[in-house]
Amino acid sequence: MVSVHSKNRTSRLLLLIISILCMVQMSYAQKVNPDNPPALAVPDTVKINLVVPQNPADTGKNANGQFLTLRQCIDYAMQHQPGLNVSKINVEVTKATNDVALAGWLPQVTASGDLIHYFQQSNGSSSANTGSTTTGSTRSGYTTTFIPGIQVSQAIFSPSLLYAYRSAPLYIKQSQQATDSTKIFVVSTVSKSFYNVLLTLEQINVLKEDTARLGKSLRDAYHQYKGGIVDETDYEEAEITLNNSVAQLKQATENVVPQYAALKRLIGYTPDQQFNVSFDTLQMMDGIHLDTAQQLAYEKRIEFQQLNTAKALQDEQVRYYRFSFLPTVSAFYNYNLGYYSNQTSGLFSSSYPSSLIGLSFNIPIFTGFARLNNLKKAKLGSQIIDWQRVDLKSQIYSEYTTALANYKSNLFSLKLLQKNVALAKRSYFVVTLQYKQGIVPYLNVITAESNLITSEINYLNDLFQLLSSKIDLEKAMGSITY
């Protein structure tokens, strides 16, 4: 009986010690974490469906509420982009310059006159010269003479005018090709900038969902810790993970503002006005595919076309210097009306008209070998363009193979990363249930959450890299439309 009583006393003592330890632990827990959980700055978890104002923090404050798709952004840039408008003006400048150069083919009419008053003159005859043609002997003895005249000349043949005539359409073609090159640049840069904005907006969406999940995990971990189910480190790890996600969300939200500013500049949008970007997700996914079996055609590249035009202009210059020894022939007609008098008041009392017609020509005989040296220089310039064409083909082929490789690799990676997202979501769901049932530690939840956010971000990055590589491939193949 004594031994039994002693065992009961020992058991009661052990229970008392365990109770005291539990009370101390609960007191410590209450000291570290008060009854009311701390206020958690969990951002809004509403999903944004690829339609976000210029500043995501100002949702609903946009005054005009204008939405622009990628096609609309490109169309707007075609009308308002400063560099493109300068290229269009340069086309008109080229046309005006050609009109100036070709004006020599039209009749040239000038009026001139000489008003002469002699203070002293010899008894011999004198002659008046108007322009470059002598009008004939004037009547001697008159102190005041006035000989107005009209000269009309018409070019019949001139090597320089012939060169201007043959090169005029080439210069217009060259300026138009420069405008086309600017349009291609605008389409590619606007598309990439548009995709860059969409990428950041989708990252914001993913981070919003991530912060929502982490906020819920933090609250669950706190209540489980309060209930004595889990350790204190689970709650602290959940808070650390949430803070990291909130920081990433803030960074992405701030980064989208300058990206919108860059897009505005590229399309020529007014800086103080706002607009929203809009994109159909299904259309975007359908637009990632491209026929990679197409053969590379160098002639489609605008740079190759510009080089061909430069070659044609250089050939015209060679032809000009080759035939620059030909004479310049023109016809002229002069009409002069002479007035002669010894009294100024009676100068216009009578007139003595005269007129003539003729041909003039100019034949270069020796120019110090300038013509031969210019011809040699023009031929050397033509050889330079030939070598530039060879180098351009190599450059185009290199760009094409690089863009094709990037497109294929990004397309292949996209399919795998899409599977990773599905697997990561499933893994996160299972691990979360296991953690709530006490099967796995919270570290597994953090790892699953990290894998999920990483797979989603990687998928988005690869998606928009694929869209950008498609633009590069279309540009390399010369198939960008505008």
### Task
Give me the percent of the accessible area of the stretch 213-292 that comes from carbon and sulfur atoms, probe 1.4 Å, all protein chains in place.
51
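If you scale each eigenvalue of the Cα gyration tensor by 5 and take the root, what three semi-axes come out for the stretch 441-482, rounded to whole angstrom and sorted largest first? Display every interim value, and only then the final one.
On the way: eigenvalues 298, 8, 3 Å².
Square roots of five times the eigenvalues give 39, 6, 4 Å.
Two decimals is fine: what's Rg over Rh for the stretch 141-216, C-alpha atoms, Kirkwood radius as Rh? The partial results should precede the final answer.
Details: Rg = 34.1 Å, Rh = 20.0 Å.
Rg/Rh for the stretch 141-216 comes to 1.70.
Quick one: net charge around S175, please, counting Lys, Arg +1 and Asp, Glu -1 for every other residue with C-beta under 15 Å from its C-beta. Write down the numbers at each step before the final one.
On the way: positive: K88, K95, K173, K183; negative: E92, D99, D180.
Neighbourhood net charge equals +1.
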### Query
Can you tell me the Rg and the Dmax, both Å, for the Cα atoms in the stretch 304-352?
26.3, 74
### Summary
Rg/Rh of the stretch 200-336 (Cα atoms, Kirkwood Rh), to two decimals, equals 1.46
#### Entry: HN-Hα J in Hz across the stretch 436-446 - Karplus 6.51, -1.76, 1.60, θ = phi - 60°, x for Gly and Pro
5, 8, x, 7, 10, x, 5, 4, 5, 5, 4
### Query
If you wrap a convex hull around the Cα atoms of the stretch 177-281, how much volume per residue is inside, in Å³?
113
### Query
To the nearest 10 square angstrom, what accessible area does K250 show with a 1.4 Å probe?
120
### Query
Semi-axes of the stretch 193-251's equivalent ellipsoid from the Cα gyration tensor, sqrt of 5 times each eigenvalue, largest first, rounded to whole Å?
31, 9, 5
### Euclidean distance between Cα centres, the stretch 331-367 to the stretch 234-312, Å
72
### Query
Counting only heavy atoms of protein chains, what accessible area per residue, in Å², does the stretch 207-316 have with a probe of 1.4 Å?
50
### Summary
So the compactness index of the stretch 368-481, its C-alpha Rg divided by 2.2 N^0.38 Å, takes the value 2.08
### Under-5 Å amide H pairs with G268, H placed in peptide plane, nonlocal only
none
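Tell me, what is a quarter of the convex hull surface for the C-alpha atoms of the stretch 268-420, in nm² with one decimal? Before the final figure, lay out each step's value.
Values: hull surface 100.6 nm².
The orientation-averaged projected area of the Cα hull of the stretch 268-420 comes to 25.2 nm².
Give me D for the stretch 244-305 in µm² s⁻¹, whole number, from Stokes-Einstein with Rh from the Kirkwood sum over alpha-carbon pairs, 25 °C and 0.890 mPa s. Kindly include the intermediate steps, with their values, before the conclusion.
Numbers: Rh = 16.0 Å.
The diffusion coefficient I find is 153 µm²/s.
The values are calculated or read from the model by the stated rules, or taken from the named source; none is laboratory data. Since this is a predicted model, take the numbers as computed values, not measurements. Here Cβ is always computed from backbone atoms with ideal geometry, including for glycine, and neighbour counts include all displayed protein chains. In case anyone asks, the SASA skips ligands and DNA or RNA and just uses the protein heavy atoms, side chains included. Shrake-Rupley method; radii C 1.70, N 1.55, O 1.52, S 1.80 Å.
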